[in-house]
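**Q** Dropping the structure in here first, questions after.
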Amino acid sequence: GTDNDAAPGPSVMVGSTVTWTYEVTNDGNVDLTNLAVTDDKGVLVSCPATSLAVGQSLTCTGTGTAIAGQYENTGCVVGTAPSGATVDDCNPDHYNGLLPASIAGFVYVDADNDGVKDAGEAPIANTTVTLTGTDVFSATVSLTTVTNGTGYYEFTNLKPGTYTLNET
């Protein structure tokens, strides 16, 4: 639903489905036939027609699975004019594939107040740890867990974002 000609484009989670929409418009002065839309990354593109009259548009689609990092692909259309001449155009698209994040740690008695869990510093089991914040998609996050017998807690499969931890 967005036009992402320039990087980075929208952020998407790795493994999610990405749908590309290829809007093809004949803004020339002759009808076109033998239309074919392709994607340089191998996305299979499906179009409802292979010809376009002057002034007409059609919408083609393709889907793929998001990969990590900055992604760029280019969609191209090729058609044939009545004279046999080839008409073509291309357009880039971008997204940024994000990997899930984890936040983990220990709750313990920091006997020497150095902020480091040293050998012999006692774990604190059954402590409630709350994670709150906002992910990169502007969703509010509020999760709670309880430390285990070693004082360990972990929040997994998080979308990247800005979070605060609170121990009670």
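**Q** At a Förster distance of 41 Å, what's the computed FRET efficiency of Asp3 paired with Ser142, Cβ-Cβ distance as r, to 0.05?
**A** 0.75
**Q** Using 14 Å as the cut-off for backbone N distance, which residues of the range 149-168 belong to the label zone defined by a point 7 Å from the Cα of Thr132 along Cα→Cβ?
**A** Counting only backbone N, you get 163-168.
**Q** What distance in nm separates the two pseudo spin-label positions at Thr63 and Ala36, each 7 Å out from Cα along the beta-carbon direction?
**A** Modelled inter-label distance: 2.5 nm.
**Q** Something else now. State, as an integer percentage, the relative contact order of the range 54-149 based on alpha-carbon contacts under 8 Å between residues 6 or more apart.
**A** Computed value for the range 54-149: 18 percent relative contact order.
**Q** Between beta-carbons, use under 13 Å as the cut-off and find the net charge around Asp112, counting Lys and Arg +1, Asp and Glu -1.
**A** The answer is -3.
**Q** Let me ask something additional. First compute the accessible area of the range 13-151 with a 1.4 Å probe, then give the percent of it belonging to carbon and sulfur atoms.
**A** Ligands and nucleic acids excluded, carbon and sulfur reach 52 percent.
**Q** About the Cα centre of the chain, how large is the charge dipole given +1 on each Lys and Arg Cβ and -1 on each Asp and Glu Cβ? Please answer in debye to the nearest 20.
**A** Dipole magnitude for the chain comes out near 400 debye.
**Q** Shifting gears a bit: If we count every other residue with Cβ under 11 angstrom of Asp93's Cβ, Lys/Arg +1 and Asp/Glu -1, where does the sum land?
**A** -4
**Q** A follow-up question, please. Whole angstrom only: what separates the Cα centroid of the range 137-157 from the Cα centroid of the range 80-96?
**A** Computed from Cα coordinates, the inter-centre distance equals 49 Å.
**Q** I need to check one value: relative contact order of the chain, counting alpha carbon pairs closer than 8 Å and at least 6 residues apart, in percent.
**A** Taking the mean separation of contacting Cα pairs over the length of the chain, I get 21 percent.
**Q** Run the simple label-point estimate for Ala104 and Tyr163 please: 7 Å along Cα→C-beta, distance reported in nm.
**A** The two pseudo-label positions are separated by 1.2 nm.
**Q** Net charge near Asp3, counting Lys/Arg +1 and Asp/Glu -1 over other residues with Cβ under 13 Å of its Cβ?
**A** Around Asp3, the surrounding residues sum to -3.
**Q** Okay, moving on. Counting only heavy atoms of the protein chains, get the accessible area per residue of the range 89-168 (1.4 Å probe) and round it to a whole Å² value. Kindly include the intermediate steps, with their values, before the conclusion.
**A** On the way: 4700 Å² over 80 residues.
For the range 89-168, the per-residue accessible area is 59 Å².
The values are calculated or read from the model by the stated rules, or taken from the named source; none is laboratory data. The model shown is predicted, which means the values in this text are computed figures rather than measured ones. Glycine also receives a Cβ, built like all others from the backbone with ideal geometry; neighbour counts cover every protein chain displayed. We work out accessible area using only protein heavy atoms, side chains counted, and drop any ligands, DNA or RNA first. Shrake-Rupley method; radii C 1.70, N 1.55, O 1.52, S 1.80 Å.
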